[in-house]
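Notes to accompany the following structure.
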Amino acid sequence: MWRGIQAAGALMRSRRRRRSADRAAGAKTVLSRAADAELDAFLASGRSLDIPAVAEPDVSVLLILWNQAALTLRCLRSLAREAKRGVAVEIVIIDNGSTDLTHELTARLGGVTTLRNEVNGGFLAACNQAAALARGRCLLLLNNDTAVREGALAAAVACLDSAADIGAVGGRLVLPDGMLQEAGGIVWADGTTSGYGRGKRPDAAAFMHRRDVDYCSAAFLLTRRHAWEQLGGFAELFAPAYYEDADYCLRLWAAGWRVVYEPAVVVDHYEYASDRSGAAGQLIGRNRGLFVTRHADTLAAHHIAPDRRRRSAASVHWSRRSEAAVAQPKSRRERSGKAATTRAVACMLVHGDAAYARAARVAVDSLLADSDFDVLVVHGGGPVDAWPRQRRLHRQRIECPPADGHRARRFLLKFEALQTCLERFDAPWVLNLDADVVLARPLRGVDVAAALDGAGLGMVEQTCIRGSTMDRRAFLDHYRTHSLAAIAPDAPVPAVDAFRYYNSGVVVAAAATLSALVAWALQAIAGHAGEYQSGEHIVADQDFFQYWANQLHPESSRQLPWYWNHCEHWDADFPRRGVLFAHFSNFCLGPSGSTVRRMRRLRRPWTRWLNRCMSPSSS
């Protein structure tokens, strides 16, 4: 019966989404037809549209055009009405090679600065180009598929002038169907963004107070000229478009400015009017990876990992900068009275044969017995499906490529597993564990927090290989010729004293940092065709963890003590007494039957008691 109720609920939600989508599409169609009729009437009339000229404009409106002449006329008329109400406005138009009636429209404009580019160089470059021509003390980045409502410009300027540290102001963006697009924007720790209140009534009480926000969309973003020039405008890294506004706002925050949402600013927005090719999704995906890499430290320090509940931005505003955040619904664990801040989740990928599953079973049992963690096993089916249900044990199936010829892809699935873990759990700390890692003595979430000590990522350095002459310099050479060659061939090689050859059999991370790392890694992997390898060496998850910790964000990465990852192929005296995580690694070949038996022996009561008594933390 419960499954029937769930299915009925899913069907109702699907129907509501379809009705909402149909309503939005219908509203856009009506608006487009009305705008087309207005443009035809305007051009046929022979009249012009004049904007009052001002010697010292308060606001320079930067309009970037690429077709959509009918919507542009609607936008310009709304600006003309605002100018007549006393706002000192100048309009700077960059026409990015439009091929519709835009040229005929701009020829009928008076008091407007217009520059035509022969080719479409993209929204971002055109914004910087327009800003260089502007004279106002404030710059308004405005999409041409918007229409500002009465008093919007005056309210935005008043808000910007209300405090010297406000660097940018945004407002309520309303979609053609009358629903809210955003009342300020949220930036999550994985670099994704959400419009606060999207799909809700724009006059709801939650959206009617001024507050600081992570960012506001460049569909309407008023900023100080001084702040714009201080930051160098939009970063060309994100050309041609998308994420330039989120990047700009985060840079404002970093420079000491605030970004503020002002509810008195109301703007109608068609949304995606210029994207008829469907390229927006691809650009957003690419630029999100660039954004995460550029702001990883900020995302880890000031933003939280998203989940399905928090993404429902109408019920909770999770901007860490919000002055009046709406209360988040409590999770079941929080309602039970348990402290969510002391919990962690362990993630394990099991993609091999039956021996992998047997080893993982021992590893999972050790975690369930000696930790308070939730344990997520991401697997390709088979023996793991037959495991009995246990409290705190969660399983998630994932499609695994065949073993032959796809070794790198199978190891890189670890990042998909971690992404699944971050989406399912809201624990503040995550442990990424190989299937042949055994917890040898008790561990709690508070111990994980203490080990990180404020860092975002922690791993143990591999200093040798048993039976070889490998040392840190040799490991650095291997890192240079294989890891860097595949992931970042143009990156500088770190100095040997600063380099650490980290082993990813045990990775301890703050969820926010791990979310940024996973987003970056998946972006890099998605852009690589075929099997990921350098020469004869495959590129695995460890290579990405090493590059992140050594070169992208060494300041937020920490070297953990040996007992957090005591690996068999490093030390002849394995396992040493006092070990926390015993790693029965044998160079990615998979655990043998004898390995599984030795893993089980480590779980004997006498051995566990010795490890507990001889733990470095208790001595």
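The values are calculated or read from the model by the stated rules, or taken from the named source; none is laboratory data. Treat the numbers as computed from the prediction; the structure is a model and nothing was measured. Counting neighbours? That spans all protein chains shown, and the Cβs are built from the backbone with ideal geometry, glycine included. Remember, those area values only see protein heavy atoms, side chains included, never the ligands or the DNA or RNA. Shrake-Rupley method; radii C 1.70, N 1.55, O 1.52, S 1.80 Å.
Output the residues belonging to the stretch 98-118 that are more than 12 Å from Leu73 (Cα to Cα), surrounded by 15 or more Cβ atoms within 10 Å (Cβ to Cβ) and touching a Gly at 6+ places or on another chain (Cβ under 9 Å).
Once the filter is applied, which keeps residues that are more than 12 Å from Leu73 (Cα to Cα), surrounded by 15 or more Cβ atoms within 10 Å (Cβ to Cβ) and touching a Gly at 6+ places or on another chain (Cβ under 9 Å), the stretch 98-118 yields only Asn117.
How many of the residues making up the stretch 274-291 are out of contact with any Phe, Trp or Tyr (no Cβ under 7 Å at 6 or more places or on another chain), part of a helix (DSSP H, G or I) and modelled with pLDDT under 85? I'd like the intermediate steps shown before the answer.
So in the stretch 274-291, the residues out of contact with any Phe, Trp or Tyr (no Cβ under 7 Å at 6 or more places or on another chain) come out as 275-279, 281-282, 285-286.
If we keep only those that are part of a helix (DSSP H, G or I) too, we end up with 281-282, 285-286.
Narrowing the set further to residues that are modelled with pLDDT under 85 leaves 281-282.
Count: 2.
Checking Ser32 against (1) loosely packed, with under 15 Cβ neighbours inside 10 Å; (2) modelled with pLDDT under 90, only one condition comes out false. Which one?
All conditions are met except number (1).
Name every residue in the stretch 492-550 that is polar (S, T, N, Q) and modelled with pLDDT of 85 or more, in order of residue number. If you could, list the steps in order and put the result at the bottom.
We begin by selecting, within the stretch 492-550, every residue polar (S, T, N, Q); these are 503-504, 513, 515, 523, 533-534, 542, 546, 550.
Correct list: Asn503, Ser504, Thr513, Ser515, Gln542, Gln546, Asn550.
If I ask for residues that are open to solvent by 30 Å² or more (accessible area, probe 1.4 Å), in a loop (DSSP other than H, G, I, E, B) and either in contact with an Asp or Glu (Cβ under 6 Å, 6 or more places away or on another chain) or in contact (Cβ under 8 Å) with a residue 60 or more places away in the chain (or both), which ones from the stretch 444-463 would you list?
Of everything in the stretch 444-463, those that are open to solvent by 30 Å² or more (accessible area, probe 1.4 Å), in a loop (DSSP other than H, G, I, E, B) and either in contact with an Asp or Glu (Cβ under 6 Å, 6 or more places away or on another chain) or in contact (Cβ under 8 Å) with a residue 60 or more places away in the chain (or both) turn out to be Arg444, Asp453, Thr463.
Take the conditions of a type outside the set (S, T, N, Q) and open to solvent by 10 Å² or more (accessible area, probe 1.4 Å) and apply them to Ala164. Does it pass?
Details: of a type outside the set (S, T, N, Q): yes; open to solvent by 10 Å² or more (accessible area, probe 1.4 Å): yes.
Yes: the conditions hold for Ala164.
Tell me whether the stretch 132-143 contains one or more residues that are open to solvent by 10 Å² or more (accessible area, probe 1.4 Å), of a type in the set (Lys, Arg), under 17 Å from Tyr270 (Cα atoms) and touching a strand residue (DSSP E or B) at 6+ places or on another chain (Cβ under 8 Å).
No, there is no match, as no residue in the stretch 132-143 is open to solvent by 10 Å² or more (accessible area, probe 1.4 Å), of a type in the set (Lys, Arg), under 17 Å from Tyr270 (Cα atoms) and touching a strand residue (DSSP E or B) at 6+ places or on another chain (Cβ under 8 Å).
Test of understanding: among Arg441, Arg480, Arg466, which residue is on the phi < 0 side of the Ramachandran plot, open to solvent by 10 Å² or more (accessible area, probe 1.4 Å) and not in a loop (DSSP other than H, G, I, E, B)?
Working: Arg441 fails: not in a loop (DSSP other than H, G, I, E, B); Arg466 fails: not in a loop (DSSP other than H, G, I, E, B).
Step by step, each of Arg441, Arg480, Arg466 is checked, and only Arg480 is on the phi < 0 side of the Ramachandran plot, open to solvent by 10 Å² or more (accessible area, probe 1.4 Å) and not in a loop (DSSP other than H, G, I, E, B).
Could you pull out the residue among Arg47, Arg18 that is over 25 Å from His103 (Cβ atoms), of a type in the set (Lys, Arg) and either modelled with pLDDT under 85 or open to solvent by 60 Å² or more (accessible area, probe 1.4 Å) (or both)? Walk me through it before giving the result.
Values: Arg47 fails: over 25 Å from His103 (Cβ atoms).
So the residue among Arg47, Arg18 that is over 25 Å from His103 (Cβ atoms), of a type in the set (Lys, Arg) and either modelled with pLDDT under 85 or open to solvent by 60 Å² or more (accessible area, probe 1.4 Å) (or both) is Arg18.
Tell me, please, whether a residue that is farther than 30 Å from Gly178 by Cβ and in contact with a Cys (Cβ under 9 Å, 6 or more places away or on another chain) can be found in the stretch 26-48.
No, the stretch 26-48 contains no residue that is farther than 30 Å from Gly178 by Cβ and in contact with a Cys (Cβ under 9 Å, 6 or more places away or on another chain).
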